[in-house]
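The structure appears below as structure tokens.
The values are calculated or read from the model by the stated rules, or taken from the named source; none is laboratory data. In this text, all values refer to a predicted model and were calculated from it rather than measured experimentally. Cβ atoms come from the backbone with ideal geometry, glycine included; neighbour counts cover every protein chain shown.
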Amino acid sequence: MAKYDVIIIGAGAGGGVVAGILAEAGRRVLLLERGRSESFREIGRDHLRNQRLSQYGVNAGPEPRHVRSVGGQAIRPNHWGYQNNAAIVGGGTRVYGGQAWRFMPTDFKMASTYGVPDSSSLADWPITHEELAPFYAKAEHELGVAGDASAMWHLPTYAADYPMPPTLLNKQGATVRKGAAALGWRTLPVPLAVNTIPRDGRPACIHCQHCVGFACPVDAKNGTQNTLIPRALMTGRCDLLTEVMAEKITIRDGRATSVTYIQLATGERITESADIIVAAGGAVETARLLLLSGLENDNIGRNLQGHYYPGAAGLLPESIWDGIGPGVTTAMTEFNHGNEGIIGGGMLADDFIPLPASFWKGYTPSYIPRWGQKAKDWMRENHQRVLKIMGPVQDIPSPNARVSVDPDIRDAWGVPVARFTGTTHPETVRTSAFMHEKAKEWIRACGATEIWGDPPGLGLSGGQHQAGTCRMGDDPRTSVVDRDCRVHDIENLYVGDGSIHVTNGGFNPFLTIMALAYRTAENIINR
């Protein structure tokens, strides 16, 4: 008899949810995480070494021994091409900004809405927004999301309001709302997985300036590390192992029978069996694991998506900086769909408060020197007057944007690394250029005297919003998992992360990952 009912690989947004729900339903769960469970002090507040600005490394993993391949060249986690996602208990939810968006109904039927562009793999989801809505609500209320449901004019009516009111409106937010009103654009408060009032024994946000990219100093930012995973552990039926990396899932006669994982400190390999296995390591690592496990579905690893983030910055006549974090307050969803000649669109919003190094690297115009007295003077005079507006756009998937297994490069434990090839589809670039112009228009309406920034060019799109490599569908010839997130032709192997997304919406995707994880856990319980 197997020691565990379920093995879950990855303790992030999806894996943490599945662990919590299944353990509370009476299942014996083994939760594997290649990162560590770190305290606020261990994650730190290094302005040059964090998940937002990884100039000299990352603060929430993975460690440098976890290499990947771009063009046959080994790269480290802080390299721009690594397509990094945090490796730590809680995954990206430990250090994210917590923008908790539902996808729109049209996001689930992009192909039938827009047609399929040449050389793209654009497709509809096999499920609808309506099917996922109850699970969105469950995630919002169990995790803890602050917002105003009545303001979400672009979505079907919510069954219940968010459990907490929106975050404070700061000076920056008031400025962008005034600019949008001048254009006749509707705005709404950004829904955030942040306590705006004390909740579940944890305090409210203290409005510091170290939110996105860092852990919360008072634990007011909500992720699986302080909600679903502790619930799983409290049952006594969940074992959490950290600093272990899954190497292979053994498949026999149409069933997943066991997982072999590596103790990273010692290199020892251990095999555990279970009745159910859930891969939830993120779109890159889940694809790598399934390929290393010998699955032969050619769709595995294809259609990698992240999010292009077009935007612009502008210089305003007066200061808009009051230091009230997290910073992001106000979004605009006028252009997510219905743009003539454009496939999809995206959300635009003001940004999190940038730390000085992030401001210097990402906010200053290209004509300003990177060092010297002129650079210092510009920072000193303009730091509090710069406004940035940006947001994610619909990535149009390409089958050639791909994660595969490198034939030559291996990591420190002798395992073939994930290899990246291809780019996003050119339509993604066109959509980004359109949204870039909308960002400039908004900044101009806010009173900017100077605007700068360029739209992104063609490249591979992955990063912390990675998705698509094990897409959901009814046909095994064009997808990897079925509508229940079960791998085709393997009766007990599921995927519980963003890799199952057919398209990735024009919004931050973590709430959709969580909603699907709730739905998958329910499917496992009822199977």
(request) Having 2 or more residues that are within 29 Å of THR520 (Cα to Cα) and touching a residue at least 24 places away in the same chain (Cβ under 8 Å) is the bar; report the strands (runs of 3 or more DSSP E) wholly within segment 395-503 that clear it. (result) 402-410, 416-421, 493-495
(request) Assess whether GLU63 counts as being within 23 Å of PRO191 (Cβ to Cβ), surrounded by fewer than 24 Cβ atoms within 10 Å (Cβ to Cβ) and of a type in the set (Asp, Glu). (result) no
(message) Among the residues of segment 26-45, what is the count of those that are out of contact with any Phe, Trp or Tyr (no Cβ under 7 Å at 6 or more places or on another chain) and buried (at least 17 other Cβ atoms within 10 Å of the Cβ)?
(response) 7
(request) Determine, yes or no, whether ALA256 is buried (at least 24 other Cβ atoms within 10 Å of the Cβ), of a type in the set (A, V, I, L, M, F, W, C) and either modelled with pLDDT of 95 or more or in a strand (DSSP E or B) (or both). (result) yes
(message) So, ALA23, is that one part of a helix (DSSP H, G or I) and in contact (Cβ under 8 Å) with a residue 24 or more places away in the chain or not?
(response) yes
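Taking segment 1-25 on its own, how many of its residues are over 22 Å from GLU140 (Cα atoms) and either at pLDDT 95 or above or buried (at least 19 other Cβ atoms within 10 Å of the Cβ) (or both)? Explain how you work it out, then say what you get.
Going through segment 1-25, the residues over 22 Å from GLU140 (Cα atoms) turn out to be 1-9.
Now narrow it down to the ones that are either at pLDDT 95 or above or buried (at least 19 other Cβ atoms within 10 Å of the Cβ) (or both): 4-9.
Qualifying residue count, segment 1-25: 6.
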(request) For segment 192-202, enumerate the residues that are part of a loop (DSSP other than H, G, I, E, B) and touching a helix residue (DSSP H, G or I) at 6+ places or on another chain (Cβ under 8 Å). (result) ALA193, ASN195, ASP200
(message) Could you check segment 437-487 and list, in sequence order, the residues that are under 26 Å from ASN339 (Cβ atoms) and of a type in the set (Gly, Ala, Ser)?
(response) ALA439, ALA445, GLY447, ALA448, GLY453, GLY457, GLY459, SER461, GLY462, GLY463, ALA467, GLY468
(message) Please go through segment 45-94 and give me each residue that is under 16 Å from the mean Cα position of the chain (by Cα), assigned to a loop (DSSP other than H, G, I, E, B) and among the charged types (D, E, K, R), ordered by number.
(response) ARG52
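From the set of residues in segment 347-356 that are outside any loop (DSSP other than H, G, I, E, B) and out of contact with any Ser or Thr (no Cβ under 7 Å at 6 or more places or on another chain), which is nearest to ASN504 (Cα to Cα)?
In this case the residue turns out to be LEU348.
Okay, residues lined up against (1) out of contact with any helix residue (DSSP H, G or I) (no Cβ under 6 Å at 6 or more places or on another chain); (2) surrounded by fewer than 18 Cβ atoms within 10 Å (Cβ to Cβ); (3) not in a loop (DSSP other than H, G, I, E, B):
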residue: ILE300; (1), (2), (3): no, no, no
residue: SER319; (1), (2), (3): no, yes, no
residue: GLU334; (1), (2), (3): yes, no, no
residue: GLY338; (1), (2), (3): yes, yes, no
residue: SER358; (1), (2), (3): yes, no, yes
(request) Return only the number of the condition from (1) surrounded by 23 or more Cβ atoms within 10 Å (Cβ to Cβ); (2) touching a strand residue (DSSP E or B) at 6+ places or on another chain (Cβ under 8 Å) that GLU491 does not satisfy. (result) (1)
(request) Kindly establish whether GLU437 is under 25 Å from the mean Cα position of the chain (by Cα), surrounded by 17 or more Cβ atoms within 10 Å (Cβ to Cβ) and among the acidic types (Asp, Glu). (result) no
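For segment 203-242, which residues satisfy the criterion of being among the β-branched types (Val, Ile, Thr), under 20 Å from the mean Cα position of the chain (by Cα) and not in a loop (DSSP other than H, G, I, E, B)?
Within segment 203-242, THR224, ILE229 qualify.
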(request) Only residues that are touching a His at 6+ places or on another chain (Cβ under 6 Å) and assigned to a loop (DSSP other than H, G, I, E, B): list them for segment 105-134, please. (result) SER120
(request) Quick one: which residue in GLY463, GLY459 is farther than 24 Å from ARG186 by Cα, at pLDDT below 95, out of contact with any helix residue (DSSP H, G or I) (no Cβ under 6 Å at 6 or more places or on another chain) and not hydroxyl-bearing (Ser, Thr, Tyr)? (result) GLY463
(message) Between a residue in segment 267-284 that is within 20 Å of GLY254 (Cβ to Cβ) and any residue that is outside any strand (DSSP E or B) and of a type in the set (S, T, N, Q), which pairs come within a Cβ distance under 6 Å, given they are 6 or more apart or on different chains?
(response) ILE276/ASN492; ALA279/THR286
(request) Scan segment 97-120 for residues that are out of contact with any helix residue (DSSP H, G or I) (no Cβ under 7 Å at 6 or more places or on another chain), farther than 13 Å from ASN504 by Cα and not hydrophobic (A, V, I, L, M, F, W, C) and jot them down. (result) GLY97, GLY98, GLN99, SER112, TYR114, GLY115, ASP118, SER119
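With respect to ILE277, determine if the residue is over 18 Å from the mean Cα position of the chain (by Cα), more than 18 Å from VAL393 (Cα to Cα) and not in a loop (DSSP other than H, G, I, E, B). Give the steps one after another, and end with the answer.
Values: over 18 Å from the mean Cα position of the chain (by Cα): yes; more than 18 Å from VAL393 (Cα to Cα): yes; not in a loop (DSSP other than H, G, I, E, B): yes.
It is true that ILE277 is over 18 Å from the mean Cα position of the chain (by Cα), more than 18 Å from VAL393 (Cα to Cα) and not in a loop (DSSP other than H, G, I, E, B).
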(request) Test LYS248 against the stated conditions and say whether it is out of contact with any Asp or Glu (no Cβ under 9 Å at 6 or more places or on another chain) and of a type in the set (Lys, Arg). (result) yes
(message) For the condition crowded, with 24+ Cβ neighbours inside 10 Å and over 22 Å from SER39 (Cβ atoms), what is the one hit in GLY236, GLY306?
(response) GLY306
(request) Can you tell me which residue among ASN382, ASN339 is of a type in the set (S, T, N, Q), more than 22 Å from the chain's Cα centre (by Cα) and more than 30 Å from HIS207 (Cα to Cα)? (result) ASN339
(message) Looking at (1) surrounded by fewer than 19 Cβ atoms within 10 Å (Cβ to Cβ); (2) under 24 Å from ARG483 (Cα atoms); (3) β-branched (Val, Ile, Thr), which one does THR106 not meet, given that it meets all the others?
(response) (1)
(request) Could you please find all residues in segment 135-174 being part of a helix (DSSP H, G or I), in contact with a strand residue (DSSP E or B) (Cβ under 9 Å, 6 or more places away or on another chain) and surrounded by 22 or more Cβ atoms within 10 Å (Cβ to Cβ)? (result) GLY144, GLN172, GLY173
(request) Can you confirm whether segment 476-483 contains a residue that is within 19 Å of the chain's Cα centre (by Cα) and closer than 21 Å to SER398 by Cα? (result) no
